[in-house]
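Participant: Below are the structure tokens for one structure; questions will follow.
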Amino acid sequence: MMFALAEGTQVVLVIVGYLGLLVALGLASNHFFKGTSADYFVVSRSVGPFLLLMSIFGTTMTGFAMVGSTGKAYTTGVGVYGLMASWSGLIHSAVFFVVGIRLWALGKRYGYLTQCEFFRERFASPAVGYTLFPILVLLVIPYLLVGVISAGKFIQSTTASAFPQWFPLPGIPGPDGTLRPNPLSGGIPYWLGAAVVCLIVLCYVFYGGLRGAVWANTFQTLVFMAAGLVAFWLVAEKMGGLAEAGRRVAESTYGAPRLVREGLIGHGQFFSYFLVPLSVGMFPHLFQHWLTARSARSFRLTVVAHPIFIMLVWVPCILIGLWATAQLGPGANPNAVLGRMVNQLVHSPILTGIVAAGVLAAIMSSLDSQFMCLGTMFTQDIVVCLAGPDRFNDRQKILLARGFIVAIVTVTYLLSLGLKDTAHVFDLGVWCFSGFAALFPLVFAALYWRRATAAGVLAALAAATAVWLALFYRDIVAGANRPPGEDELLVFGLMPVVFICAASTLTLVVVSLLTRPPAPQIVERFFPPAGRNA
Amino acid sequence: MTPVPPPSRTTPGSRRVVIVLFLVLFVLHHDFWAWSDRRLVLGFLPVGLFYHALFSVAAGGLWALANHFAWPDALERWASEPVQEGSAARPAAAAARATPSAH
């Protein structure tokens, strides 16, 4: 028992060390703070290629990149990589190149800080800004909740049995009526783990602003990439080497079918998944990171390295998930596959702690940017927009943003306490991506189609919302008895995002063409003069 | 002294080549020929996973080409050009940023 306690304590110490480094980094970033709102919100538009790559990659990759990919490969096989990772590599970089650089240029030229500011002025319509604001906020909040809930639950399961005297849990009745020990007993309880994660993210975002988030993301990205590779190497070694691990999967009745896509992923689903990564074009937190770039050239490293980084993180995790089919057999909880493989095969509390730090890094590197962007949006798009641009000075704007960030972190934490056991909260996260992807035609039209009108944008928002709600109802509400996370909803064999994107695109085009063209003097300022290769 | 930017390699033709390469890669993503191929490359890597790992590297290569031959050079210069005071080409956000803060 003493040995078990000592192992758990070592895991906790590694996690505490990692979290301590994050706080130190956040506080250090505060020393470089210039005191202006532009510095707090967009790091004075001074971020170079390396930090831009690491912060954008860290923000884009969530905890799913490590835990979810391993679990999904265990259940659905290797096709998950083509479905989610290689599509993302191609499409994310395309969006950074085609949309991100252009938005950065407009942000630098006109001083934008939020998406709503850009859309409001591009379409000369406050209504567009006010309609887009709640949609973006409502799509980010479930995404935030998934992050906080994942972190809290992950800490509890990873530290199980570390503190049996402090956090005992009652036994669970078995099928025969007898009480069995709770596997989470002695672990740091959810309320405490989630609170610690929220407080640490709050600490470095509150003091350091987006600079704190950029620095922390860079560190977190290095941690989760290294953790995945270390876990892969040691698990492979313990399975008898790469070839032996492959042979065991090929001979396993549960594993062999997962070497291919036949019967597990449909052709329509595989193809139509390309629309989901378009969501990055409308993530408000990514928009804010794009604005931090020192120059357009800062994007060059990001667009090239992003697909390769995705491969470096995903391929090891997919292989661990595949090997788990032979090692664990059927019936394991997909979200626990990575942890179980590491614990069963490596028996090293230090490695368990490093992998745990890696998972937390992946989760927190998205959380910080989301908290930061919501604080910026409430300050800029609501308070400053309603009160007028001259009402507040820089110091007051930073104070407002900090107040909003504290409020958002508190509300998210309290909501997560109430919703942590709601079965479908993770499915909700997947629907958020479809919602953001459905907004992609709006940003693309705003940047490349002079004829797009405010009425077209408002109608497209309404159409996308209506189709999203109808399909969401069919999947989540009407399908409430379906086990969570089981088989994604497909319509005619295609991802629902196809129909939501089609609705928003068609409505945008038709209504724009039917309404009066926007005034040329408004449109022209958003397009570089003719003849330039932009 | 203002540094002279290097001459641009981007031409309408080179940009079209990058777009065609993107479309080729987009189509090649759907590797129906490996859908039920259970072979292991190097004894451990399923063919489908190996192919898509290479696809990711190729995507990085495509964007490296795009950086050289389809880069929007002029966009950066346009972004840094001053916006005329008081003209219609000066959105409200830019005007607000130019207002001296009171602190």
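Participant: Of everything in the stretch A:24-65 that's β-branched (Val, Ile, Thr) and touching a Ser or Thr at 6+ places or on another chain (Cβ under 6 Å), which residue is nearest to the other protein chains (Cβ to nearest Cβ)?
Facilitator: Narrowing the stretch A:24-65 to residues β-branched (Val, Ile, Thr): A:36, A:42-43, A:47, A:56, A:59-60, A:62.
Narrowing the set further to residues that are touching a Ser or Thr at 6+ places or on another chain (Cβ under 6 Å) leaves A:42-43, A:47, A:56, A:59, A:62.
On the way: A:Val42: 11, A:Val43: 15, A:Val47: 15, A:Ile56: 13, A:Thr59: 18, A:Thr62: 18 Å.
The selected residue is A:Val42.
Participant: Separate question: What number of residues within the stretch A:95-110 are within 7 Å of chain B (Cβ to nearest Cβ) and either of a type in the set (Phe, Trp, Tyr) or free of Cβ contacts under 8 Å to residues at least 60 places away in the same chain (or both)? Don't jump to the end; show me each part of the working.
Facilitator: Filtering the stretch A:95-110 for residues within 7 Å of chain B (Cβ to nearest Cβ) gives A:97, A:101-102, A:105, A:108-110.
Next, from what is left, pick out any that are either of a type in the set (Phe, Trp, Tyr) or free of Cβ contacts under 8 Å to residues at least 60 places away in the same chain (or both): A:97, A:109-110.
Within the stretch A:95-110, residues that are within 7 Å of chain B (Cβ to nearest Cβ) and either of a type in the set (Phe, Trp, Tyr) or free of Cβ contacts under 8 Å to residues at least 60 places away in the same chain (or both) number 3.
Participant: Which helices (runs of 4 or more DSSP H) does the stretch A:367-467 wholly contain that include 3 or more residues that are within 14 Å of another protein chain (Cβ to nearest Cβ)?
Facilitator: On the way: elements: A:394-419, A:425-438, A:440-448.
Where helices (runs of 4 or more DSSP H) fall fully within the stretch A:367-467 and carry at least 3 residues being within 14 Å of another protein chain (Cβ to nearest Cβ), they are A:394-419, A:440-448.
Participant: Tell me, yes or no, whether the stretch B:86-95 has at least one residue that is within 8 Å of another protein chain (Cβ to nearest Cβ) and modelled with pLDDT of 90 or more.
Facilitator: Taking every residue of the stretch B:86-95 in turn, none turns out to be within 8 Å of another protein chain (Cβ to nearest Cβ) and modelled with pLDDT of 90 or more.
Participant: Run A:Leu179 past the list (1) surrounded by 22 or more Cβ atoms within 10 Å (Cβ to Cβ); (2) farther than 23 Å from A:Thr410 by Cα and report the number of the one that doesn't hold.
Facilitator: (1)
Participant: In the list A:Pro284, A:Pro349, which residue meets the criterion of being in contact (Cβ under 8 Å) with a residue 12 or more places away in the chain, in contact with an Asp or Glu (Cβ under 7 Å, 6 or more places away or on another chain) and over 23 Å from A:Val78 (Cβ atoms)? Quick ask: steps written out before the conclusion?
Facilitator: Details: A:Pro284 fails: in contact with an Asp or Glu (Cβ under 7 Å, 6 or more places away or on another chain).
Residue meeting the stated conditions: A:Pro349.
Participant: Please find, among A:Ile91, A:Ile155, A:Ile101, A:Ile172, the residue that is under 23 Å from A:Ala194 (Cα atoms) and among the β-branched types (Val, Ile, Thr).
Facilitator: Values: A:Ile91 fails: under 23 Å from A:Ala194 (Cα atoms); A:Ile101 fails: under 23 Å from A:Ala194 (Cα atoms); A:Ile172 fails: under 23 Å from A:Ala194 (Cα atoms).
Testing whether each residue is under 23 Å from A:Ala194 (Cα atoms) and among the β-branched types (Val, Ile, Thr) leaves just A:Ile155.
Participant: When you scan the stretch B:16-40, how many residues do you find that are free of Cβ contacts under 8 Å to residues at least 12 places away in the same chain, within 17 Å of A:Tyr81 (Cα to Cα) and either within 7 Å of another protein chain (Cβ to nearest Cβ) or part of a helix (DSSP H, G or I) (or both)?
Facilitator: The total comes to 9.
Participant: What are the residue pairs meeting all of these: first residue in the stretch A:177-206, first residue closer than 17 Å to A:Cys373 by Cα and touching a residue at least 40 places away in the same chain (Cβ under 8 Å), second residue of a type in the set (Lys, Arg) and assigned to a helix (DSSP H, G or I), Cβ atoms under 8 Å, and 6 or more apart or on different chains?
Facilitator: A:Phe206/A:Arg402
Participant: What's the number of the only condition in (1) surrounded by fewer than 24 Cβ atoms within 10 Å (Cβ to Cβ); (2) at pLDDT below 95; (3) within 11 Å of another protein chain (Cβ to nearest Cβ) that A:Leu301 fails to meet?
Facilitator: (2)
Participant: Looking only at the stretch A:78-115, which residues are touching a strand residue (DSSP E or B) at 6+ places or on another chain (Cβ under 6 Å) and in a helix (DSSP H, G or I)?
Facilitator: Applying the first criterion (touching a strand residue (DSSP E or B) at 6+ places or on another chain (Cβ under 6 Å)) to the stretch A:78-115 yields A:78, A:104.
Of everything in the stretch A:78-115, just one residue is touching a strand residue (DSSP E or B) at 6+ places or on another chain (Cβ under 6 Å) and in a helix (DSSP H, G or I), namely A:Trp104.
Participant: Continuing with this model, one more query. Restrict the check to the stretch A:252-264 and report whether at least one residue is under 23 Å from B:Arg38 (Cα atoms), within 14 Å of another protein chain (Cβ to nearest Cβ), among the β-branched types (Val, Ile, Thr) and out of contact with any Ser or Thr (no Cβ under 6 Å at 6 or more places or on another chain).
Facilitator: Within the stretch A:252-264 (the criterion being under 23 Å from B:Arg38 (Cα atoms), within 14 Å of another protein chain (Cβ to nearest Cβ), among the β-branched types (Val, Ile, Thr) and out of contact with any Ser or Thr (no Cβ under 6 Å at 6 or more places or on another chain)), the answer is yes, since at least one residue qualifies.
Participant: Could you identify the single residue in A:Arg261, A:Arg211 that is surrounded by 22 or more Cβ atoms within 10 Å (Cβ to Cβ), farther than 23 Å from A:Val47 by Cα, touching a residue at least 24 places away in the same chain (Cβ under 8 Å) and not aliphatic (A, V, I, L, M)? Before the answer, list the steps.
Facilitator: Working: A:Arg211 fails: farther than 23 Å from A:Val47 by Cα.
Testing whether each residue is surrounded by 22 or more Cβ atoms within 10 Å (Cβ to Cβ), farther than 23 Å from A:Val47 by Cα, touching a residue at least 24 places away in the same chain (Cβ under 8 Å) and not aliphatic (A, V, I, L, M) leaves just A:Arg261.
Participant: Shifting gears a bit: So, of the residues in the stretch A:309-344 that are free of Cβ contacts under 8 Å to residues at least 60 places away in the same chain and in a helix (DSSP H, G or I), which turns out to be surrounded by the fewest Cβ atoms within 10 Å (Cβ to Cβ)?
Facilitator: A:Gln344
Participant: Let me ask another. Exactly one condition in (1) within 12 Å of chain B (Cβ to nearest Cβ); (2) of a type in the set (Gly, Ala, Ser); (3) in contact with a Ser or Thr (Cβ under 8 Å, 6 or more places away or on another chain) is false for A:Gly246; which is it?
Facilitator: (3)
Participant: Still on this structure, please answer the following. Among the small types (Gly, Ala, Ser), within 22 Å of the chain's Cα centre (by Cα) and surrounded by fewer than 17 Cβ atoms within 10 Å (Cβ to Cβ): is that true of A:Ala226 in this structure? Give the steps one after another, and end with the answer.
Facilitator: Details: among the small types (Gly, Ala, Ser): yes; within 22 Å of the chain's Cα centre (by Cα): yes; surrounded by fewer than 17 Cβ atoms within 10 Å (Cβ to Cβ): yes.
For A:Ala226, the condition - among the small types (Gly, Ala, Ser), within 22 Å of the chain's Cα centre (by Cα) and surrounded by fewer than 17 Cβ atoms within 10 Å (Cβ to Cβ) - is met.
Participant: Could you check how many residues of the stretch B:41-68 are surrounded by fewer than 20 Cβ atoms within 10 Å (Cβ to Cβ) and facing chain A (nearest Cβ under 7 Å)?
Facilitator: Residues meeting the conditions: 4.
Participant: Here is a follow-up. Among the residues of the stretch A:500-525, count how many are surrounded by fewer than 21 Cβ atoms within 10 Å (Cβ to Cβ) and in contact with a helix residue (DSSP H, G or I) (Cβ under 6 Å, 6 or more places away or on another chain).
Facilitator: Residues meeting the conditions: 3.
Participant: For A:Ile408, only one of the following conditions fails: (1) in contact (Cβ under 8 Å) with a residue 24 or more places away in the chain; (2) surrounded by fewer than 22 Cβ atoms within 10 Å (Cβ to Cβ). What is its number?
Facilitator: (2)
The values are calculated or read from the model by the stated rules, or taken from the named source; none is laboratory data. Only a predicted model underlies this, so the values are computations on that prediction, with no experimental measurement involved. For neighbour counting, all protein chains shown are included, and Cβ atoms are generated from backbone atoms with ideal geometry for every residue, glycine included.
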